[in-house]
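A quick write-up on the structure given underneath.
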Amino acid sequence: MKNIQINSSRLWHSLMKMAEIGATEKGGCRRLTLTDLDRTGRDLFVRWCEDAGCEVTVDIIGNIFARRPGKDLNRMPVMAGSHLDTQPTGGRFDGVLGVLAALEVVRTLNDHSVETDAPIEICCWTNEEGSRFSPAMMGSGVFAGIFDIDEILAKEDIDGVRLGDELVRIGYAGDAPVNGHKPESYFELHIEQGPILEAEGNTIGVVTAAQGQRWYEITVTGQESHAGPTPMARRKDALVAASAIVGEVNRIGHAYPPNACATVGFMQVSPNSRNVIPGSVFLTVDFRHPDNDTLSDMDSKIKAFCTQIVDDTGVEVDVVDFWHFPPTPFDEDCIAAVREGAVAHGYDHMDIVSGAGHDAVYLNSIAPTGMIFIPCEDGISHNETENASPRDCAAGCNVLLHAVLERAEKTA
Ligand code: GLV
Ligand code: MN
Ligand code: MN
């Protein structure tokens, strides 16, 4: 039974239909979390799940669960999913593949009239991307008890719009409690978002762990002043100091090859007028590494540099530890189930560590969890040109089906 195959053209058709919602000119997707487009995408997903015979529930943070019943009423569900929200200039596969592949697993089981012992739940987690509202992986973080629900509902976007109000506005402030049910296990299929599988000629990445992340928010405060009459020696230019911090972040990333990553992706300059010396700058820093001690070194380095900048230039620098999670090894049995799926279908595969954060990281703290990667073209994602082949999407989905069945049939 575990060698039944998913319907690859149905999966691809669903991916392309979802990609029409928020489609961009360059072939990507802009479906920011809790916007009208997110609602349209969620509504389509819910309709597809109901058509597949699932019972759909929504929890207080807007996570959607579509349940296919199992034979054993006492069994906890095997969950599979990911997210439907995208980056502002996102692609068609990041997150969406994991959600629609889980739906394809259910549709395939329906086609073959397979009854599993444990129920299966397709999950769509709220705001994985962390772009409109930060931090990332919010819905899964609340579900796993990592984040406090009231703090998350109170988060605001750049225009001061409250997350909780947006959930209500788009009709996805559900009534299911966030800790109402526990998964038996969780699986997530995702594009790799990096170049390794493609370079190695492998179809499946058996994800053994996710690297750790540390996010910071830094505010540099100098003094606004006229760009003409203010001599260079008298300035406290916040943007000059912030630029030095950006340079240092990049140096720190290069100082721990080959695995460290260090990025400043967001910056606001105030007052942002061409003839005013910048008075303040807000910027974000994203550090990643698979080893926690190295992440701690990177942390010490950026903080020491910010102290030095204050001494050297007289600006003020406030560094906030905004969010972090440590390197996360996934569950041995779930990893094995994924590997067996790749072997059973004859796909070339390799072990791999995730460079990106995923909802699976938080699910791993409450249930055995595994992830499956497939290649994406040139390793590019968080980009409108992000691309994956129908063949590789189908392969990943077949492995997901195999792993889900392995757990759903496992003796409790
Ligand atoms: C999520 O997309 C991340 O930043 O890894
Ligand atoms: Mn993702
Ligand atoms: Mn992403």
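Every number in this text was worked out from the coordinates using simple rules, so none of it is lab data. None of the values given here were measured: they were computed from a predicted structure. Here the Cβ positions follow ideal geometry from the backbone for every residue, glycine too, while neighbour counts run over all protein chains shown.
Brief remarks on what is shown
- DSSP bridge orientation in the chain - percent antiparallel, rounded to nearest 5: 70
- Of the GluC sites (Glu not before Pro) in the range 1-73, the ones in a loop by DSSP (not H, G, I, E or B) with at most 15 other beta carbons within 10 Å are Glu20, Glu25.
- Fully extended contour minus Cα-Cα distance, from Ser273 to Asp111, at 0.36 nm per residue: 52.2 nm
- Listed peptides 251-258, 351-358 by packing density, highest first (mean Cβ within 10 Å): 351-358, 251-258
- For the range 212-325: relative contact order, % (alpha-carbon pairs under 8 angstrom, 6 or more apart): 44
- Sorted by Cβ density within 10 Å, fewest first, the residues Ile309, Ile366: Ile366, Ile309
- Length gained when the stretch Val320-Ile4 is fully extended (0.36 nm per residue, less Cα-Cα span): 108.7 nm
- Full-stretch length increase - Asp297, Thr221 - with 0.36 nm per residue and alpha-carbon distance subtracted: 24.8 nm
- Helical contribution to [θ] at 222 nm, DSSP H n ≥ 4, -39,500 (n - 2.57), averaged over the chain, rounded to 500: -11000 deg cm²/dmol
- Positive-pole candidate from Gly247, Asn259, Ile335, dipole of the range 239-339, charges at beta carbon: Gly247
- Cβ screening of the chain for cysteine pairs under 4.7 Å finds these without a partner: Cys29, Cys123, Cys124, Cys261, Cys306, Cys334, Cys376, Cys393, Cys397.
- Three-way shape call for the range 1-152 based on the alpha-carbon gyration tensor, with the a/c threshold at 1.5: oblate
- Burial ordering of Asp291, Asp392, fewest other beta-carbon atoms within 10 Å first: Asp291, Asp392
- Mean sequence separation of contacting Cα pairs (under 8 Å, at least six apart), scaled by the length of the chain, corresponds to a relative contact order of 24 percent.
- Helix 292-313 axis versus longest C-alpha principal axis of the chain: approximately 20°, rounded to the nearest ten.
- Fluctuation leader among Ser82, Ser273, Ser300 - the chain, Gaussian network, Cα springs under 10 angstrom: Ser273
- Charged side chains reduced to their Cβ positions (Lys and Arg at +1, Asp and Glu at -1) give the range 212-325 a dipole of some 400 debye around its Cα centre.
- Order of Arg68, Arg10 - criterion: other Cβ atoms within 10 Å of each residue's Cβ, fewest first: Arg10, Arg68
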